[in-house]
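Working notes, beginning with the structure itself.
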Amino acid sequence: MKQDEQHEEEGILLKKSAESEGSSTDYSDESTHMESTDSGEDGSPRYHTSNPEPMSEEERQRERDFRKKLNRTSRELVSDSIHQGVKLIVHRPDYDSNNQEEYFRLCQGLMPVVREIARKTLPLLEHEDVAEFARNQYYGSKFQADGVAYRDFRYFAKKRPPTESPALVVGLRVDESASMAAFGRLDAAKRAVIAVYEFCQICNIPILIYGDTADASRLEQMSVFAYADYDKPDIRDRFRLMGIRARSNNRDGMALRIMAERLAASPQQTKLLISLSDGQPKAMDDYTGPYAIQDMRQTIAQYERKEVRFLAAAIGQDKDVISQIYGSERFLDITNLNELPAKLVQIISRYVGS
């Protein structure tokens, strides 16, 4: 089945949110590591000045192997759920020159805000390297009294060495239902994923960005699009993000389960899963209403027990329903779509060291 699709969407520039306005002078370039060989004077990454080398045949084969692995793993992750009979295909989208041009255009307006927030976050990451403790260890320098209750002998915590990655991993799930085409939601989603992706690249935070839709066909009842995956980071992933588009229905619980299971298995202490959506779940044949809502709530509860934190960024007309599904403490109401990219990056930055 052909998996790579070419799409173009017009973008609008990000305006600084009130929270970030006027705060860029708090940190000078000399006091941070932001001014590296990866950043230009205008804040855009230097690699944007030239295109990456085309994939070799060996690289393309590795991509095919990785896509097969994602399909196999994702199907296994839902094999014991209500979604076990749903025909799932995981795509690893390609990109073209139009995707690159769109990315360059959107990135220019986003990067100053992303860099501003990253300036404030990087010192926290530096502190984390020194002070962060890895919990639930069989031995270590710090005794955890609360660990005794689990009776698994993992009563200690030990300091993480500076070479370990940050204690935060981020998953961003993008609803690619047909209704995302309305009222500038798709443009806002693209700008948001660019901002989140570049922020995580600057701060060396592992990032998983998946899009999903349902009912593309009877043979493809659930479609997942792996745009960026921390198991196979690729400089080309930033261009793949421009393949996000409005498609068909949405089977939210299945998408959340696949991504939450990946995050739960990651070694990072803090696991954050953000769902960017404009509506409540609805897919054939009967995945809608109370049945779908119950599935989502059960999925959230199940993976919160595995220490995955959920956040729903609602950008559509079903905000009240989304708030009821996720709970007010996990809900972010985005009324002004121009504020979406900065808000998401600011929220992620607050989880650093938490």
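Residues in the range 255-290 that are among the acidic types (D, E), farther than 30 Å from L125 by Cβ and in contact (Cβ under 8 Å) with a residue 40 or more places away in the chain: D278 alone. Can we say R257 is outside any loop (DSSP other than H, G, I, E, B), open to solvent by less than 50 Å² (accessible area, probe 1.4 Å) and among the basic types (K, R)? Yes; evaluated as a whole, the condition is true for this residue.
Considering the range 296-306, the residues that are farther than 13 Å from P281 by Cβ and in contact with a helix residue (DSSP H, G or I) (Cβ under 7 Å, 6 or more places away or on another chain) include one that is surrounded by the fewest Cβ atoms within 10 Å (Cβ to Cβ), namely K306. Residues in the range 328-345 that are over 17 Å from V174 (Cα atoms) and part of a loop (DSSP other than H, G, I, E, B): T335, N336. If you filter the range 320-336 down to residues that are crowded, with 19+ Cβ neighbours inside 10 Å and not β-branched (V, I, T), you find that the one that is nearest to G109 (Cα to Cα) is L332. All of I348, I293, I300, I325 fail the test of being aliphatic (A, V, I, L, M), touching a residue at least 60 places away in the same chain (Cβ under 8 Å) and in a helix (DSSP H, G or I), apart from I348.
Is it true that R105 is of a type in the set (K, R), surrounded by fewer than 19 Cβ atoms within 10 Å (Cβ to Cβ) and either in contact with a Pro (Cβ under 7 Å, 6 or more places away or on another chain) or at pLDDT below 95 (or both)? Judged against the criteria, R105 is a match.
Checked against (1) part of a loop (DSSP other than H, G, I, E, B); (2) modelled with pLDDT under 50, E53 passes all but condition (2).
The values are calculated or read from the model by the stated rules, or taken from the named source; none is laboratory data. Remember, it's a predicted structure, so these values are computed and weren't measured experimentally. FYI the Cβ positions are ideal-geometry reconstructions off the backbone, even for glycines, and counts take in every protein chain you see. With ligands, DNA and RNA removed, areas are computed over all heavy atoms of the protein, side chains included. Shrake-Rupley method; radii C 1.70, N 1.55, O 1.52, S 1.80 Å.
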